[in-house]
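Chemist: Quick one: the structure is below, questions incoming.
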Protein chains: 4
Amino acid sequence: MVLGSIPGEIPLFTGACVVIILLHPDAGLPQRSSVQAALTDLDLQVEETRLGDRLAFVVTGGDRTLPADALARIPGVERVLSLGSTKSLVERTADHGERQVSLGHASFGAGRVAVVAGPCTVEGVDDLLAVAQRVKAAGATALRGGVFKTRTSPHAFQGGGEQALDRLVEVSRAVGLPFFTELTDPRQVSSVGERLDGVQIGARSMQNFPLLTEVAALGKPVLLKRHMAATVDEWLLAAEYLLNGGADDVVLCERGVRTPDRHVRSMLDLGVVPYLKRRIGLPVVVDPSHAAGDWRLVPALARAALAAGADGLLVEVHGRPEATRCDAWQALPPDDFDALMRDADALARLTGRTLCRPTSASAAAKASSSSNEALSA
Amino acid sequence: MVLGSIPGEIPLFTGACVVIILLHPDAGLPQRSSVQAALTDLDLQVEETRLGDRLAFVVTGGDRTLPADALARIPGVERVLSLGSTKSLVERTADHGERQVSLGHASFGAGRVAVVAGPCTVEGVDDLLAVAQRVKAAGATALRGGVFKTRTSPHAFQGGGEQALDRLVEVSRAVGLPFFTELTDPRQVSSVGERLDGVQIGARSMQNFPLLTEVAALGKPVLLKRHMAATVDEWLLAAEYLLNGGADDVVLCERGVRTPDRHVRSMLDLGVVPYLKRRIGLPVVVDPSHAAGDWRLVPALARAALAAGADGLLVEVHGRPEATRCDAWQALPPDDFDALMRDADALARLTGRTLCRPTSASAAAKASSSSNEALSA
Amino acid sequence: MVLGSIPGEIPLFTGACVVIILLHPDAGLPQRSSVQAALTDLDLQVEETRLGDRLAFVVTGGDRTLPADALARIPGVERVLSLGSTKSLVERTADHGERQVSLGHASFGAGRVAVVAGPCTVEGVDDLLAVAQRVKAAGATALRGGVFKTRTSPHAFQGGGEQALDRLVEVSRAVGLPFFTELTDPRQVSSVGERLDGVQIGARSMQNFPLLTEVAALGKPVLLKRHMAATVDEWLLAAEYLLNGGADDVVLCERGVRTPDRHVRSMLDLGVVPYLKRRIGLPVVVDPSHAAGDWRLVPALARAALAAGADGLLVEVHGRPEATRCDAWQALPPDDFDALMRDADALARLTGRTLCRPTSASAAAKASSSSNEALSA
Amino acid sequence: MVLGSIPGEIPLFTGACVVIILLHPDAGLPQRSSVQAALTDLDLQVEETRLGDRLAFVVTGGDRTLPADALARIPGVERVLSLGSTKSLVERTADHGERQVSLGHASFGAGRVAVVAGPCTVEGVDDLLAVAQRVKAAGATALRGGVFKTRTSPHAFQGGGEQALDRLVEVSRAVGLPFFTELTDPRQVSSVGERLDGVQIGARSMQNFPLLTEVAALGKPVLLKRHMAATVDEWLLAAEYLLNGGADDVVLCERGVRTPDRHVRSMLDLGVVPYLKRRIGLPVVVDPSHAAGDWRLVPALARAALAAGADGLLVEVHGRPEATRCDAWQALPPDDFDALMRDADALARLTGRTLCRPTSASAAAKASSSSNEALSA
């Protein structure tokens, strides 16, 4: 983590952090001593130095967290700057190249691109099955669908809960696509966590730290959406909670940033894709559906995301948007999804990666026809 | 809630909502019929009308939620507009004037202004007691102090947990000031909820809906902070979760909005105070400390909040900021808090309200001296 | 322009605008009459109608601008809504498909993609010539380079002025690439406007309306950058000033939106590309260099822009960034630009367009070698 | 100016600036030499130093502008930090306490608070005279009114131009209140600049640098509005253009910041008032009318601004808002302005300042009655 980017605390680890405590231009000997005393009280190792005409202490080690803004309140201190630090867990993921996270045939990162598709919310089983078959036929390798929803209004449809999860599991197994679904409450981890293939953390839950901690301990792949107003550092520190809690397989998902504009629901931050690729090793995928909030803009944004280097997409698809109770305006019709998947393949190749494919079409067809029987039985 | 301000769903209640479904300029008879059929399927009562040279349906009633964006995907529909609706629970609080919420001698709203003060985080009991005595002496009527923290980084100090709560309860009782503290996890409601005087919902938890639902059922006063990137409608809908879940005593707390600027940590939205006073009946208080992020700006912002009509303040005060592990830069020294409280009294009177006072100084002194003994015993 | 999106005024054109003036639920006959009288004073044609249980006036025509917020202040009026309007000039550009704007061999829109490249600022003639030759060799069809700069600080380098324009013209002619350069002052239009191939309006000048009016009258192609905090409607209305002032060949250039984030300088809004393609007929190009503010992110964002359907790119390239006085961090090295142009060609084809090419390589080489002689003579 | 806050260039002045050039952790001797050579080429005085386990150069002087991001592109350099610099002109205004700017009886700063009031736009002379008399009677000491407007749409009313200026001058003289009006084009400075009492720079023109330069040379008091998306540093650097160009009497005017919210038009940044009071000596006033965009919120925000320490207010007042062509929704009725002025007096005293008063009521009444005759003649 670049020190100083998160105000308030600078985590200090022995030997690897350089922090400069700059004294006021007119700080005399007494102030110098009082600052030094305060640093000693904190068990910090310091060296005094001169920078131009200014005095400063350089902190070079210590065994505890250094509260930078507390130090800044010691009389005589003008500024506290950091020149670098021990890397965070999420930054250390870059040390061995790109990490690949897999969910069945869906692999994200390290040269593989995968597309997760499905409805916003699990409603009727027929619609879900129809969508699942269509997106698999088009090349999606995982399914998405919400059962526990975070809805802005308490009067809005809150998701189908465990019954909807039953349907999602059933369709997932029938069609042969693993699924991600969102958890919203730490108590859900123990009650239903084991039934999930992959856990999604929704944008509004990105800083629900008790939830992150519970999910981390579950040990399943986690898709962590960025809050619509989170800085990149806040997002990475949410991932840090996951890694710190034991999760290995974390996929970051950019889904748009809130701005004053209204032509899109959120502004998709595609610069974050190459930025994160330089900084961390975890896969980064993009959700163009929630960003756009308008299905007509989804294919262009999906193409842009892959061209920018995204390791995958999360796309909402629905065959009958006029009948859905959630986010109807952003659901891509299946025909448009077919066209998008053709572009996805070309774009993955153009950028030197490979688009993951589901199990063979015949196997899939067989699975889906027998699943139809099972479900209609 | 002004319909249409939250995209996606329009809650419909019989007889009280006017929604216009505008057809495309070139919509002919077949499209008119198909839209009408779709509306009938949704059990909506509609009337056809002509607006200038355009055809429209006016929906005047029905018994279910109307998914506006789903309707907008019916071929032939150009736009769905709402002209008004049954009011939300939070809006209905304005029907009987201002609602007053009280916590001991601290009363917010309906002509009363109260100041809640204390440290960011409960650390040592000595510091806490010292601060509590000072802020009470200056005129604060309630105490604040965090024990369960939502920290951006997992490596930052996470709060003292239940042990810190023990200290907070002890000091609160000793000094004679009720307290607000933040809950961050729905499981804390059953484990420690009964021990709290008032519950704070932190900005990052504003849309933690499972938490809101549990806290609502607890029946204690709730101070609901606005997320630093929430619109006013989102904030009011979070309050709607509380009211809908059974909470009566809800206080809204503005604490600043994230912007690209860096001279303050968040930009305090004081326009929201008179805006909400026109729209709802619940008290609205302001937290200048988290907004500014800099103690030197806190007094001016606190005065501004009261001049704008805020029903109270939430102020961080600490006697030894250089020794605190959390938000040291925003902690107001006790002397500055004394001066602020003198202005608060004058500003409450200037705006036609009364500043709440703690129990008599002598009683307080007695309580605090005996508490010192108890605590040092 | 979607009515109501720009508060304050609704332009009314006879017969083509539907505005609804909704009366208060408790508006009686006297208020109805007073509203009607006010509308009559404004020479507006109105019809009275009933929407559910509410009264409203529908304005169907008139010969002047309707100040919507003034109407809203007539006692008894609750809201003023618009259901649609005569299209603005910039929206009417979509009536005949996509408009193509050309500058020499660089054509933007209607199936053609062109790349404009060059240094941020015209400094030494040697560096400029070297860059111009390199970008042409790589496939750029126009040159960029600033001579009148809009610098945040008065102490920063303000651009080379007319002397730098001399150099830019000289190099442009020598290499055989037309150029865009920015004008910042309406007085420059008469003094040097005729010497420019294409005029750039910088982001900070997007709402410099006297400048837009003068530039529009010049009759040259205009590249209109979006202000870093402008909504799309504000940007389109700036283009409306150009079209209204006589300009035909307007290219819109997205260059990133200001957000609280710091990992990029501005957040590139690629959703605006497909959005505008649905709404207007003018070409839309993208400047990834100013958005990123970091050359390492430029190729990914440039690819994303083309994949989203942009009609061209504006890219800063410099052979010796460590020696430039302006925006050194975002200048792409020529080798990276070569690689980008290969991708640009593939992406144009993938999205069904053709990348413009400069005059033949041999001709270019010849031109550039002779130009070298001319310049060194 | 805090160095580093404006990316791209660090102005260097001999002896007063400390810049640290931190080398990469693995930078060896050759890189050290190449960096040193580059610095020597720039005529910079450097010292080599060691910070913890890192090598760095400390730049302590030189005679030219240092392009920090260019230095950062020298191979081997990791970061360029500044520890402080010679102060900008606008920061030096704080060296001798608060500067007072006066326009007739209206004095801003150094213990004096003044209110500027009037219509958004100069339309009919009768309305203007009526408003001017009312606001003077209530205690305003200067008049505002736009004649050259910056309107988002070319189809909106563009202001009355020089004819409207004639009316404004006439009414100003008749009533005995000096006036501010906005200039939008550098050419207006020579054509009409001498007729103005004070020049307003509108938010959209804050970075119209040619305009700032011309206005600075005029030598009149300048009221510089902050752009709705400008950071404080950008705003101060716009003021720097004015001071650098010769202006002495500059008043900064906060008018609200654009955010995603919609309950106010812009979010008034009152934290900037105490922030600037600590940093510069120029007066800071607040425009609550444009921030709110809604007259019902203006009194509360105006009170808040004064409580925060603002040196004055700029308030839009109109007697017949339903008849105005510009910003009708924010015009305060005169009766509400009367009430506001009573609060303004109390708040000025509460914060230790004095509200400026116009010339004596009888003189004003006499002036206004004779002016009525003159105007109706």
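Chemist: Is it the case that some residue within region A:258-269 is at negative phi, more than 11 Å from chain B (Cβ to nearest Cβ) and touching a Leu at 6+ places or on another chain (Cβ under 6 Å)?
Modeler: Looking for residues that are at negative phi, more than 11 Å from chain B (Cβ to nearest Cβ) and touching a Leu at 6+ places or on another chain (Cβ under 6 Å), one finds at least one in region A:258-269, hence yes.
Chemist: Those residues that are surrounded by 23 or more Cβ atoms within 10 Å (Cβ to Cβ) and more than 14 Å from chain C (Cβ to nearest Cβ), I need them from region D:173-185; list them, please.
Modeler: Applying the first criterion (surrounded by 23 or more Cβ atoms within 10 Å (Cβ to Cβ)) to region D:173-185 yields D:175, D:177, D:179-185.
Correct list: D:VAL175, D:LEU177, D:PHE179, D:PHE180, D:THR181.
Chemist: Output the number of residues of region D:201-247 satisfying the condition of being more than 9 Å from chain C (Cβ to nearest Cβ), closer than 18 Å to D:THR181 by Cα and not aliphatic (A, V, I, L, M).
Modeler: Number of matching residues: 7.
Chemist: Oh, and also: Considering B:ALA114, B:ALA132, which residue is in a strand (DSSP E or B), at pLDDT 95 or above, more than 13 Å from every other protein chain (Cβ to nearest Cβ) and touching a Gly at 6+ places or on another chain (Cβ under 7 Å)? Working first, answer last.
Modeler: Details: B:ALA132 fails: in a strand (DSSP E or B).
Testing whether each residue is in a strand (DSSP E or B), at pLDDT 95 or above, more than 13 Å from every other protein chain (Cβ to nearest Cβ) and touching a Gly at 6+ places or on another chain (Cβ under 7 Å) leaves just B:ALA114.
Chemist: OK, next. Do you know which residues across region A:232-249 are under 10 Å from A:VAL215 (Cα atoms) and surrounded by fewer than 24 Cβ atoms within 10 Å (Cβ to Cβ)?
Modeler: If the condition is that a residue be under 10 Å from A:VAL215 (Cα atoms) and surrounded by fewer than 24 Cβ atoms within 10 Å (Cβ to Cβ), then A:GLY245, A:GLY246, A:ALA247 are the ones that fit.
Chemist: Consider D:GLN188 against the criteria (1) free of Cβ contacts under 8 Å to residues at least 40 places away in the same chain; (2) within 10 Å of chain C (Cβ to nearest Cβ): it satisfies all of them except one. Which criterion is unmet?
Modeler: Only one criterion is unmet by D:GLN188, namely (1).
Chemist: While we're on this one: Restricting to region B:312-351, count the residues that are away from chain D (no Cβ under 14 Å), part of a loop (DSSP other than H, G, I, E, B) and touching a Leu at 6+ places or on another chain (Cβ under 8 Å).
Modeler: Summing the residues that are away from chain D (no Cβ under 14 Å), part of a loop (DSSP other than H, G, I, E, B) and touching a Leu at 6+ places or on another chain (Cβ under 8 Å) in region B:312-351 gives 1.
Chemist: Okay, moving on. Criterion first (of a type outside the set (Lys, Arg), more than 14 Å from chain A (Cβ to nearest Cβ) and buried (at least 19 other Cβ atoms within 10 Å of the Cβ)) does B:ALA138 satisfy it?
Modeler: Working: of a type outside the set (Lys, Arg): yes; more than 14 Å from chain A (Cβ to nearest Cβ): yes; buried (at least 19 other Cβ atoms within 10 Å of the Cβ): yes.
In short, yes.
Chemist: So B:GLY202 clears everything in (1) closer than 28 Å to A:HIS155 by Cα; (2) touching a helix residue (DSSP H, G or I) at 6+ places or on another chain (Cβ under 9 Å) except one condition, right? Which one?
Modeler: So B:GLY202 meets the others, but not (2).
Chemist: Could you look through region B:285-298, keep only residues that are over 19 Å from A:ARG73 (Cα atoms) and touching a residue at least 60 places away in the same chain (Cβ under 8 Å), and pick out the one that is farthest from the other protein chains (Cβ to nearest Cβ)?
Modeler: Going through the qualifying residues, I end up with B:VAL285.
Chemist: Working only within region D:108-130, note down all residues that are surrounded by fewer than 23 Cβ atoms within 10 Å (Cβ to Cβ) and more than 17 Å from D:LYS149 (Cα to Cα).
Modeler: D:ALA110, D:GLY111, D:ARG112, D:VAL125, D:ASP126, D:ASP127, D:LEU129, D:ALA130
Chemist: Another question, if that's okay. Which condition number does B:CYS326 fail, the rest of (1) touching a strand residue (DSSP E or B) at 6+ places or on another chain (Cβ under 7 Å); (2) within 22 Å of B:VAL222 (Cβ to Cβ) being met?
Modeler: (2)
Chemist: What single numbered condition from (1) within 22 Å of A:ALA142 (Cα to Cα); (2) within 13 Å of chain C (Cβ to nearest Cβ); (3) more than 15 Å from the chain's Cα centre (by Cα); (4) not in a loop (DSSP other than H, G, I, E, B) fails to hold for A:GLY309?
Modeler: Answer for A:GLY309: the failing condition is (4).
Chemist: Can you pull out the residues in region D:79-102 that are surrounded by fewer than 18 Cβ atoms within 10 Å (Cβ to Cβ), part of a loop (DSSP other than H, G, I, E, B) and out of contact with any Pro (no Cβ under 8 Å at 6 or more places or on another chain)?
Modeler: Result: D:LYS87, D:GLY97.
Chemist: Name the single residue, out of those in region B:145-169 being in a loop (DSSP other than H, G, I, E, B) and of a type in the set (Val, Ile, Thr), that is surrounded by the fewest Cβ atoms within 10 Å (Cβ to Cβ). Show your work before the answer.
Modeler: So the first thing to find is which residues in region B:145-169 are in a loop (DSSP other than H, G, I, E, B), and the list is B:145, B:147-160.
With of a type in the set (Val, Ile, Thr) added as a condition, the list becomes B:147, B:150, B:152.
On the way: B:VAL147: 24, B:THR150: 19, B:THR152: 23.
Among residues in region B:145-169 that are in a loop (DSSP other than H, G, I, E, B) and of a type in the set (Val, Ile, Thr), the one surrounded by the fewest Cβ atoms within 10 Å (Cβ to Cβ) is B:THR150.
Chemist: Right, next: Of the residues D:ARG144, D:ARG112, D:ARG134, D:ARG195, which is closer than 22 Å to D:MET341 by Cα, touching a residue at least 12 places away in the same chain (Cβ under 8 Å) and in contact with a helix residue (DSSP H, G or I) (Cβ under 7 Å, 6 or more places away or on another chain)?
Modeler: On the way: D:ARG144 fails: in contact with a helix residue (DSSP H, G or I) (Cβ under 7 Å, 6 or more places away or on another chain); D:ARG112 fails: in contact with a helix residue (DSSP H, G or I) (Cβ under 7 Å, 6 or more places away or on another chain); D:ARG195 fails: closer than 22 Å to D:MET341 by Cα.
Being closer than 22 Å to D:MET341 by Cα, touching a residue at least 12 places away in the same chain (Cβ under 8 Å) and in contact with a helix residue (DSSP H, G or I) (Cβ under 7 Å, 6 or more places away or on another chain) holds for just one of D:ARG144, D:ARG112, D:ARG134, D:ARG195, which is D:ARG134.
Chemist: When the residues of region B:306-351 are narrowed to those that are without any contact (Cβ under 8 Å) to a residue 40 or more places away in the chain and small (Gly, Ala, Ser), which ends up farthest from D:GLY352 (Cα to Cα)?
Modeler: Here is the first cut: in region B:306-351, the residues without any contact (Cβ under 8 Å) to a residue 40 or more places away in the chain are B:308, B:321-322, B:328-329, B:333, B:335, B:342, B:346, B:349.
From what's left, small (Gly, Ala, Ser): B:308, B:328, B:346.
Working: B:ALA308: 19, B:ALA328: 29, B:ALA346: 13 Å.
Filtering region B:306-351 for residues that are without any contact (Cβ under 8 Å) to a residue 40 or more places away in the chain and small (Gly, Ala, Ser), the one farthest from D:GLY352 (Cα to Cα) comes out as B:ALA328.
The values are calculated or read from the model by the stated rules, or taken from the named source; none is laboratory data. Source: prediction; values computed, not measured. Here the Cβ is made from the backbone with ideal geometry for all residues, glycine too, and neighbour counts use every protein chain on show.
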